[in-house]
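The values are calculated or read from the model by the stated rules, or taken from the named source; none is laboratory data. Treat the numbers as computed from the prediction; the structure is a model and nothing was measured. With ideal geometry, Cβ positions are generated from the backbone for all residues, glycine too; neighbour counts draw on all protein chains shown. In case anyone asks, the SASA skips ligands and DNA or RNA and just uses the protein heavy atoms, side chains included. Shrake-Rupley method; radii C 1.70, N 1.55, O 1.52, S 1.80 Å.
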Amino acid sequence: MMRRSWCCITAIFLSSSLSAGAFICTSCVNQYQNDASPSRCYATSLPDINYGLSDKEFHTWLQNQVQDAPGRNTYASTYEDSLTAIVNWRKRYRGNPQVWKRIFKKDRVVKELIESAPVIEFVKRAMDNQDDDEKFTIIDLCSGKGYLSMFLSEILPKEKVEKFILVDKAWAIANKKTTTELKPHHMNWDHIYGTTVNMDGEESSYFTTWPIPLYTSKQDLKDSCNQRQMTKHFFNKIDGPVIILAVHLCGTLSLKAIDMFNNNQVKLFALKPCCLPQMVYANRGDVFRIGQHEFDAKDVCSNGQYNKGNWLGPPRWHLQPRFNYWADNLFKGIDVGGSSSLEQDGSKESGYRVSMASHDGIKVKDDIVIQVDDGFQNTYIFAEREPVTPAIWVR
């Protein structure tokens, strides 16, 4: 077999023959066509070594990327399901390197998986233990590009989930009748609504390729008008049970997510709070109110924030007690009453659990270590309205 050069000057894309985003230099083209397994040839400008790998090799490469991830052993099956989901994304965008390169940035996807794994596990358990015929609608708040819903669309049983609604203020307003032109400030949605052309030259939308449909919705949770519109057009019109997922919500967005659970007929709720509220609320002397609970903003606000990946503010470890107090108050604000019991799990990655249950339902605050070193935002809050599904809450 002819020896390939590793010095690629000119590259072409072979969408019909190679794995998604795979490139091969011009000098290899003729030999490639006669060789089912050519040695790989990477253009020096390519950003990641996953280019050119077969799907099986890519899956193995992904396993290596997360083998030491926090929670990898605790959520082993969820990780495996999620890695298979990523491989399926890759197959979906085969032949469209622009979309694939936009969606798959290794560090970003791994981070999303690590933070989402406890929530994915929670939803999987819920689906595994639902016997009625009603389909769930899952609302993904502050979804960003929608990685959490993208994982779940590939993992959950289609017969139990009607659709996902990806809520984010950065989306454009989707219009069923006309093509929506994306502006520079809009988040690109080609991975959901973009088109692809098959081998027969037929054009189809990526929207139809997701096992469970993904819909986008432009909403600003801090706008009270938007919240009312969501109640009117989502919660009051959805026939089946609803799940709200709120992962990595910054500042007062966590308050808005809890308000949405409290004020609407929502069956299941999962929240992973993130950054603390800004000092503007403390300086105004605000009192935060959620459900039947209230607390002073000055006790939870912080003047620290990230700017282009750099932390600006006091040492982050100084904020841990304040974050813990913030999480405690968020938990208290969820309108599921009852008596509280403290449980300690022996697992290093599971930590403490606080649970409250009553005739209204159950809520749980788990300390799950997914941030290490200087990270301390390890709180996950879950809730379910009656009737409670016991199997969901077994540790």
Original post:
Which length gain, in nm to one decimal place, applies between Lys237 and Val280 when the Cα-Cα distance is subtracted from 0.36 nm times their residue separation?
Top reply: 11.8 nm
Subject >> Spin-label model distance (nm) - Lys158 vs Gln98, 7 Å beyond Cα toward Cβ >> reply: 2.9
Original post:
Hey, what do the phi angles of the stretch 315-326 turn into as Karplus ³J(HN,Hα) couplings, whole Hz, using 6.51/-1.76/1.60 and θ = phi - 60°, x for Gly and Pro?
Top reply: x, 4, 5, 5, 8, 4, x, 5, 5, 4, 5, 4
Original post:
Say R0 is 30 Å: what FRET efficiency, to the nearest 0.05, do Glu181 and Cys250 get from their beta-carbon distance?
Top reply: 0.55
Original post:
Relative contact order for the stretch 177-307: what is it in percent, counting Cα pairs under 8 Å that are at least 6 residues apart?
Top reply: 15
Subject >> Approximate spin-label separation Lys169-Asn263, in nm, with each point projected 7 Å along Cα-to-Cβ >> reply: 1.6
Original post:
On average, how much accessible surface per residue is there in the stretch 206-272, in Å², for a 1.4 Å probe, leaving out ligands, DNA and RNA?
Top reply: 39
Original post:
How would you rank 56-62, 127-133, highest first, on the average number of other Cβ atoms within 10 Å across their residues?
Top reply: 56-62, 127-133
Original post:
Using the beta-carbon distance between Ala76 and Lys106 and R0 = 25 Å, what value does 1/(1 + (r/R0)^6) give for FRET efficiency, to the nearest 0.05?
Top reply: 0.75
**OP:** Using Cα centres only, tell me the gap between the stretch 222-241 and the stretch 185-205 in whole Å.
**Re:** 29
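Using 0.36 nm per residue, how much length does the chain from Tyr325 to Ser204 gain when fully extended, once their Cα-Cα distance is taken away?
38.6 nm
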Subject >> Mean separation of Cα contacts under 8 Å, 6 or more apart, over the residue count of the stretch 72-203: relative contact order % >> reply: 23
Original post:
Distance in nm between label sites at Thr60 and Glu294, each 7 Å beyond Cα in the beta-carbon direction?
Top reply: 6.2
**OP:** Pop out the carbon and sulfur fraction of the accessible area of the stretch 150-267 as a percent, whole number, probe 1.4 Å.
**Re:** 48
